[in-house]
Amino acid sequence: MSTDTAPLPVGRYAYDEVDRTFLSQRVAQFREQVGRRVAGDLTEDEFKPLRLMNGLYLQLHAYMLRVAVPYGMMGSDQMRELAHIARTYDRDYGHFTTRQNIQFNWIRLEDTPDILERLAGVNMHAIQTSGNCIRNVTCDEFAGAAADELLDPRIHAEILRQWSTLHPEFSFLPRKFKIAISGSPHDRVAARFHDIGLVAHPGPDGRAVFDVFVGGGLGRTPIIGVHLRDNLPEEDLLAYLEAVVRVYNAYGRRDNMYKARIKILVQALGVEQFREKVDAEFAQMNRADYRLDPAIVEGIRARFGIPDLDAPADAAQTLEADRRADARLDRWVRTNTHAHRHEGFISAVVSIKPDGGIPGDVTADQMDLIAALADDFSFGEIRVTHMQNVVLGHVRKDRLRDLWLRLDGAGLGTPNIGLVGDIIACPGLDYCALANARSIPIAQKLSARFANPELQENIGTLRINISGCINACGHHHAGHIGILGVDKRGEEFFQLTLGGSAENDVAIGQIIGPALPEDETVDAIARLIDTYLVLRNEGEAFIDTYRRLGAASFKDAVYAPA
Amino acid sequence: MPLLENGHVTEDRWVQATAGEALPAGAVIVPLDRLEEGLARPKDAPLGVAIGPDVDVAVLRAALPRLALVAVTFPTFRDGRAFTQARALREHLSFTGEIRATGTPLPDQYEFLLRCGVTTVQTDRAEDVAVWQQAHEIISIAYQPSVLHERAQGLGLRRFLGK
């Protein structure tokens with residue numbers, strides 16, 4: 001057990017022999033299941049839920065394997081293994097997803113047991129990245145680093161990861177189930193667009209308490225999650241979530257997969273009746289059996305590595321001087337960093353949205369570079385964001401310029417975080433069996449059109465989300481500008497929605513009018529942005545101007561080109 | 001149709017009530033709509049009841065002291081409501097008799113069934129028995145409490161499944 005005395009990985013839970021035994025058993029189980037499928041002892045219908053429980057989808061052209069990155073946290077060793085998998089079993093790249101995972105798009109079924117075994121070698125897996133079960137729990141990408149954070153949510157995210165892993169009662173739910181957890185008053189996890197959203201803060205005794213939202217989601221029926229309760233004590237966290245999911249498992253619809261998410265049940269019952277059912281279940285549970293003892297929480301917390309935040313006293317001044325000396329660095333720091341709780345440190349966002357590129361796609365060489373930079377600048381710790389970018393969470397301010405130089409030299413220094421170029425797009429018809437339209441080319445054209453960093457910064461905060469069909473994997477309803485691909489008699493059209501947001505000002509975007517042909521869509525969005533630039537008041541972002549003036553002011557720009 | 005208990009084939013001493021016929025004398029499983037008829041038999045005649053997945057098991061509360069078996073069912077393996085029913089029977093109604101899973105559960109769900117309180121599985125796929133046994137033995141660690149109250153393993157939520 002000598003490996004258990006190794007330094008703990010910063011920012012995530014350290015596996016020990018018991019966890020590794022579990023993973024290797026799970027790999028053996030899947031190898032046996034694949035064997036039965038290949039031998040014909042399992043039908044595709046029977047095999048499907050088993051492979052989905054291991055993250056394996058059958059897509060348009062090949063199998064896709066979605067690897068779990070629990071709460072978006074991974075280490076440089078894990079990133080290097082992902083690079084190896086991309087080179088060996090895929091086409092030299094992977095794709096970061098909006099749920100902080102990574103997926104490989106060109107996988108052979110027969111290779112998956114070997115891939116899972118390699119992943120297990122670095123304490124990774126693909127468990128429950130798909131299927132009608134509790135999926136990867138997502139978390140704030142600046143957790144444990146952000147200046148505005150009240151409580152590091154990753155400890156409880158790990159507890160929920162463990163609790164939901166092969167849960168005996170909740171692995172065959174009516175539909176998938178997504179939980180997000182935040183420890184900051186600034187919602188960076190889209191808490192109200194999840195099946196359960198948890199907002200953690202310290203309670204009176206210093207232990208965590210949770211505000212609980214339920215029944216939010218995008219997809220075909222976008223609904224903002226409703227507030228279920230406040231100040232859930234930490235010791236009741238598992239009991240209460242058991243009660244919520246149990247009510248869903250018993251009463252959620254199973255006759256129509258498009259009506260099967262918990263949001264439909266909550267809307268059908270109404271929040272009062274749903275809450276009554278949860279409370280009744282909670283009241284009759286033997287809470288001692290489910291009690292989350294502080295000793296359990298502290299035991300898991302003790303398995304997290306803590307970064308040694310030691311910076312020279314003049315680290316901040318050094319960065320100020322570096323910024324004054326280089327306007328390009330200065331711009332990148334403005335757009336691609338986030339304030340750290342320690343004055344000598346800063347969090348850096350590596351944009352995986354190069355000008356004209358495919359959002360979230362990362363090559364094997366880039367993975368290796370990110371791993372090396374994480375080792376050199378951020379304690380070997382890497383975070384995948386729900387915006388499909390990468391964060392190095394703890395970078396010394398006096399070394400930020402060195403980091404930027406290396407990123408910039410490798411084409412990873414695009415200064416566009418939160419701006420027009422930081423587009424979220426689903427894989428679309430280029431990969432997906434469900435899609436009606438290709439999302440990626442629209443993203444690439446928009447990104448290329450607005451590549452000029454001065455123009456992007458002048459336009460300011462703007463979230464563009466693109467989905468290739470109504471299942472809304474690109475979260476178009478939550479975009480300031482949402483783009484939805486639709487099929488009209490065999491041709492790709494795109495419908496625009498305006499005014500959505502997944503943050504504290506949560507809102508569902510509204511359709512502005514008829515869908516546009518593919519070749520007019522980018523021009524129409526450019527006119528929308530031009531209109532905003534003319535109409536905006538000082539300091540207003542696009543979303544502010546839209547909310548102040550309403551859709552009418554923008555509709556003409558879309559449909560009546562000058 | 002073999003009956004599995006603890007990963008092994010066991011003898012089935014129960015018979016199903018036949019529609020339109022009087023209940024036999026011995027151990028019989030009645031559908032929920034014939035429960036009163038079953039309860040009207042002598043008190044020492046073993047009685048079981050079969051419920052559909054949409055039944056709230058609380059309706060069995062009054063009858064449970066007389067019941068030696070409750071059969072839950074999986075119309076398809078994707079329909080996981082029977083997991084919740086089994087757990088509620090054990091946890092909320094303190095039922096200690098046999099919980100039998102019927103319908104079409106998958107061998108790969110065996111550990112989930114057991115940890116939700118199911119004791120026997122009636123499967124029409126005899127050739128799968130070895131697969132069921134293997135599914136029972138392959139994973140030895142779990143990460144959440146269950147009605148089986150497995151032994152906690154030091155750190156955190158983990159427990160050994162005792163095999």
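Summary table below
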read-out	value
Test item: Cα-centred dipole of the protein assembly as shown, Lys/Arg +1 and Asp/Glu -1 on Cβ, debye	1000
Pairwise FRET efficiency - A:Ala280 versus B:Ser94, Cβ, R0 = 22 Å, nearest 0.05	0.80
Sparse-neighbourhood loop sites, trypsin sites (Lys or Arg not before Pro) in region A:131-207 - DSSP loop, at most 15 other Cβ within 10 angstrom	A:Arg207
Point-to-point label distance, A:Leu269-A:Glu538, nm (Cα→Cβ direction, 7 Å offset)	5.2
Dipole axis of region A:424-559 (+1 Lys, Arg; -1 Asp, Glu on Cβ), positive-most option in A:Val522, A:Gly500, A:Ile470	A:Ile470
Within region A:424-559, percent of DSSP bridges classed antiparallel, to nearest 5	70
Trypsin sites (Lys or Arg not before Pro) lying in DSSP loop within region B:1-91, provided at most 13 other Cβ fall within 10 Å	B:Arg13, B:Lys43, B:Arg61
Coil-residue trypsin sites (Lys or Arg not before Pro) of region A:35-125, DSSP, other Cβ within 10 Å capped at 14	A:Arg91, A:Arg108
Dipole magnitude (debye, nearest 20) for region B:9-92, charges at Cβ of Lys, Arg, Asp, Glu	240
Estimated dipole of chain B in Debye, rounded to 20 [Cβ of Lys and Arg +1, of Asp and Glu -1, Cα centre]	620
Under-5 Å amide H pairs with A:Leu42, H placed in peptide plane, nonlocal only	A:Arg37
Solitary cysteines of chain A, where the nearest other Cys Cβ is not under 4.7 Å	A:Cys133, A:Cys139, A:Cys432, A:Cys469
Order of B:Cys116, A:Cys469 - criterion: other Cβ atoms within 10 Å of each residue's Cβ, fewest first	A:Cys469, B:Cys116
Mean Cα-pair separation over length for chain A, i.e. relative contact order, pairs under 8 Å, 6 or more apart, %	13
Average beta carbon contacts from partner chains per residue of B:134-145, 10 Å cutoff	6
Percentage of interatomic Cα-Cα distances in region B:44-163 larger than 23 Å	33
Gyration tensor (alpha-carbon) shape descriptor, chain A, a/c threshold 1.5	rounded
Region A:354-385 and region A:9-58: distance between their alpha carbon centers, rounded to Å	27
Inter-chain shielding of B:75-83 (mean C-beta neighbours from other protein chains, 10 Å cut-off)	6
Positive-end residue of A:Gln103, A:Ala295, A:Val245, charge dipole of chain A with Cβ unit charges	A:Val245
Fraction of beta bridges assigned by DSSP in the protein assembly as shown that are antiparallel (%, nearest 5)	65
Nearby lysines by direct alpha-carbon distance to A:Lys259 (threshold 17 angstrom, same-chain neighbours under 8 apart not counted)	A:Lys176, A:Lys178
A:Glu298-A:Leu58 pseudo-label distance in nm [points 7 Å out on the Cα-to-Cβ vector]	5.2
Positive-end residue of B:Ala63, B:Leu155, B:Ala17, charge dipole of chain B with Cβ unit charges	B:Leu155
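Taken together, the values in this text are just the output of simple stated rules run on the coordinates, not laboratory data. These figures come from a predicted structure and were not determined experimentally. All Cβ positions, even for glycine, are placed from backbone atoms using ideal geometry, and neighbour counts span all protein chains on display.
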